[in-house]
Amino acid sequence: MIVPHGAEGRTLSLKLPASWLKAALFLAIFSVLLVGSSVVYSTLISRKLLNYANTLSQSRQQQVVINSFNDVTSRVGQAIDELVQKDNELRKQLGLNGWQSKVKLTGHSTGDVNSLLDLANEKLAERRDSLKELEDWVAVVRSRFAQTPSTWPIYGRIASGFGYRVYPWHGFHTGIDIDARYGTPVRATANGIVSFVGWATGYGKLVKIDHGYGVSTLYGHNSSFAVQVGQKVSRGQVVSYVGMTGWTTGPHVHYEVRRGERPVNPMAYLDLNIVSASRIWR
């Protein structure tokens, strides 16, 4: 019923069935619920889509990192393989056994980053062990090489070689004779300790140097000495001067190399290099 404010107006009455009112009320409630649920559903979908987009972006970034790591791992593996090859080449030159690696970088899942890092660390640890072994051996080689005759006591013509001879004296010649001018400095051919300085039958004025490892050198027919017994000498240091003492027909130095007091051919030691020296020792 609609009632006007003025007195002249007429009252308007409308009759509606109760079922219509119920239907309208139900429709209104349903519409509110539909709109509300749609808003909530769309909000949830939007959030899921946003999370999915973020997850997808992170996944792509992680894949880029993994691919980059795989590339770095591959290059590290190649570098280590090259290092192993050079390591074994050096070992071969020094007469050492080749290093067989127990760790392989290949054959493992590229996605397992921690596993690959652990393997790389093990591989590098192997290289450190090998390098330490090489350093120790090189130190031994240097020490032995410094104490192994490897140069000429003087430079000159070899007048008489090692072995049997009939002139000027018949018998076995235990060294080599190198011609030089009287008074020419005679130099030690390796590091060592002077074990004898004096007169020896046949040798005349003789200097003997002990180089360790059972090796010694003798320098005979000298005119005078430059060292004394017990003195440490270095390769190239002057130990005496060329003379004509003992059994000799002219100024020269008798150079002799002994291993375990047994004379060996000095020619094998002249201009000796470190590689051939390591083979002799082993």
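Remarks
- Restricting the calculation to Cα atoms, every distinct pair contributes to the Kirkwood radius of the stretch 158-281, found to be 14.5 Å.
- Neighbour counts of C-beta atoms inside 10 Å place Glu261, Glu135, Glu256, Glu126 in the sequence Glu261, Glu135, Glu126, Glu256, starting with the fewest.
- Applying a threshold of 26 Å to the alpha-carbon distances of Lys92/Lys132; Lys132/Lys232; Lys205/Lys232 flags Lys132/Lys232 as lying beyond it.
- Equivalent ellipsoid dimensions for the stretch 197-243 as semi-axes, Å, which come from the Cα gyration tensor, largest first: 17, 13, 9
- Simple spin-label estimate for Leu21 and Asn265 in nanometres, 7 Å along Cα-Cβ: 13.5 nm
- Per-residue HN-Hα couplings for the stretch 191-196 [Karplus 6.51, -1.76, 1.60; θ = phi - 60°; Hz; x = Gly/Pro]: 5, x, 10, 5, 9, 8
- Computed from phi, the 3J(HN,Hα) profile of the stretch 130-138 under the Karplus parametrisation 6.51, -1.76, 1.60 (θ = phi - 60°) reads 5, 4, 4, 4, 5, 4, 5, 5, 4 Hz, with x in place of Gly and Pro.
- Converting phi to 3J(HN,Hα) with the Karplus coefficients 6.51, -1.76 and 1.60 and the offset θ = phi - 60°, the stretch 57-67 yields 5, 5, 4, 5, 5, 5, 5, 4, 4, 4, 4 Hz in sequence order, with x at every glycine or proline.
- Among Thr151, Thr174, the order by Cβ neighbours within 10 angstrom, fewest to most, reads Thr151, Thr174.
- Packing-based exposure ordering (other Cβ within 10 Å, fewest first) of Lys208, Lys15: Lys15, Lys208
- In range of the label at Trp199: residues from the stretch 217-234 whose backbone nitrogen is under 14 Å from the point 7 Å along Cα→Cβ: 221-224
Read the figures in this text as sums done on the coordinates, not as results from a lab. On a predicted model such as this, the values are computed, not experimentally measured, just so you know. Cβ sites come from the backbone with ideal geometry, for glycine too, and all protein chains shown count toward neighbours.
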